Amino acid sequence: MNENKRTSGNKEVITLGSGYLHYIMATTDYDDEVALKNALFTDDNILGYIQGGATLEYKPTFYDAKDDLGILIKSAITDETATLKSGVCSWNGETLNVLTETASSVTENDGIRTVKIGGAGNDKRERYYIGFHYVDKLDGDAWVIIKGYNSSGFTLTFAKDKETVIDAEFTAVPVDSDGTLIIYMEEIKSSEA
């Protein structure tokens, strides 16, 4: 029996490893997180294989109201941001379309895929559900879901001795009417498994 199984009360599990980056258009609202997870995390929805893992960052901004002597202090969250970053090392023109707000068209003709990028007037304002699936067969998988868009643009570096990796940074917008920015789900394995 593995004593480190991720169970409802165990906080001694070490998260180690990477996973898969998924996406779908955010054209449907999901009231049920499990339904969203099941729709998002399929083989057909892999954005690309990643390099360097993924980083989820949540930052609240606080305002502190206090008296002149610093005796009374009241704090409130005035803003918050969430981003999901990952390096995409297997990609094509369809991937660039997802990662670019101003990709105006993707066409395929005579075996050539063409993506037109640029022009502020071409801002699609499309939002995607972006999900990272952390895989851990021993202690249990975990899933991170945000709704958002790539806010960092991209750089394509073609070098003779290094793969071309696109560093994507997805900025979260609220997933629901409660203002939820991040959905985190983890597999709970029985301690007897």
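The values are calculated or read from the model by the stated rules, or taken from the named source; none is laboratory data. Quantities reported herein were computed from a predicted structural model and do not represent experimental measurements. FYI the Cβ positions are ideal-geometry reconstructions off the backbone, even for glycines, and counts take in every protein chain you see. For the accessible areas, the whole protein counts, side chains as well, though only heavy atoms, and no ligand, DNA or RNA atoms are used. Shrake-Rupley method; radii C 1.70, N 1.55, O 1.52, S 1.80 Å.
Applying the selection to region 69-95, what residues are outside any loop (DSSP other than H, G, I, E, B) and either open to solvent by less than 20 Å² (accessible area, probe 1.4 Å) or among the aromatic types (Phe, Trp, Tyr) (or both)?
Once the filter is applied, which keeps residues that are outside any loop (DSSP other than H, G, I, E, B) and either open to solvent by less than 20 Å² (accessible area, probe 1.4 Å) or among the aromatic types (Phe, Trp, Tyr) (or both), region 69-95 yields ALA82, THR83, LEU84, SER86, GLY87, VAL88, GLY93, THR95.
Yes or no: GLU163 surrounded by fewer than 13 Cβ atoms within 10 Å (Cβ to Cβ), in contact (Cβ under 8 Å) with a residue 12 or more places away in the chain and not β-branched (Val, Ile, Thr)? Steps first, answer last, please.
Working: surrounded by fewer than 13 Cβ atoms within 10 Å (Cβ to Cβ): yes; in contact (Cβ under 8 Å) with a residue 12 or more places away in the chain: yes; not β-branched (Val, Ile, Thr): yes.
So GLU163 fits the description; yes.
Step by step: first the residues of region 110-132, then only those that are open to solvent by 40 Å² or more (accessible area, probe 1.4 Å) and not in a loop (DSSP other than H, G, I, E, B), then the one that is farthest from ALA168 (Cα to Cα). Which residue is that?
Among those residues, the one meeting the criterion is ILE112.
Here are some residues: GLY52, GLY48. Which one is small (Gly, Ala, Ser) and touching a Cys at 6+ places or on another chain (Cβ under 8 Å)?
Going through GLY52, GLY48 in turn, just one is small (Gly, Ala, Ser) and touching a Cys at 6+ places or on another chain (Cβ under 8 Å): GLY48.
Can VAL98 be described as outside any loop (DSSP other than H, G, I, E, B) and open to solvent by less than 50 Å² (accessible area, probe 1.4 Å)?
Working: outside any loop (DSSP other than H, G, I, E, B): yes; open to solvent by less than 50 Å² (accessible area, probe 1.4 Å): yes.
Spelling it out, VAL98 is indeed outside any loop (DSSP other than H, G, I, E, B) and open to solvent by less than 50 Å² (accessible area, probe 1.4 Å).
I'd like to check something: does region 4-20 contain any residue that is of a type in the set (A, V, I, L, M) and touching a Lys or Arg at 6+ places or on another chain (Cβ under 7 Å)?
Yes, region 4-20 contains a residue that is of a type in the set (A, V, I, L, M) and touching a Lys or Arg at 6+ places or on another chain (Cβ under 7 Å).
Take SER191 and decide whether it is within 25 Å of LEU16 (Cα to Cα), at pLDDT below 95 and of a type in the set (Ser, Thr, Tyr).
yes
Name the pairs whose Cβ atoms lie under 6 Å apart, with the first residue in region 42-55 and within 15 Å of TRP143 (Cα to Cα), the second not in a strand (DSSP E or B), and 6 or more positions between them or separate chains?
Hits for this filter: GLY53/SER18.
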